[in-house]
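Enquirer: Just passing along the structure, written as structure tokens.
What follows draws every value from the coordinates through simple rules; no lab data is involved. Since the model is a prediction, treat every value here as computed from it, not as a measurement. Counting neighbours? That spans all protein chains shown, and the Cβs are built from the backbone with ideal geometry, glycine included.
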Amino acid sequence: MRYGLERTEEWRGEDWAVRQVGGSTGKRYRCPGCDQEIPPGVPHVVAWPRLGDVDDRRHWHKACWSARDRRGTRVQRSRNAPRY
């Protein structure tokens, strides 16, 4: 799959926009599938509910996004903790 192309996938009864990114922004993100950091430069997946907005985007490891139905979200932080 080419980076930057957006597709729609169904998950948990709603449509999600899914985009593969090359990880070239230099930012660090936290994957909601494994609660581990995605370092800068690592290609990964950005996914968000199709009816959501920019605040709903989440950055996932490719393997975690592919396995999202076989694992639960592992985020253990409180509601007030910063998001990545």
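Enquirer: Can you give the FRET efficiency to the nearest 0.05 for Ala63 and Thr25, using r as the Cβ-Cβ distance and R₀ = 22 Å?
Expert: So the FRET efficiency works out to roughly 0.60.
Enquirer: I need the per residue convex hull volume for the stretch 1-52, using only the alpha carbons, in cubic angstrom as a whole number.
Expert: 89 Å³
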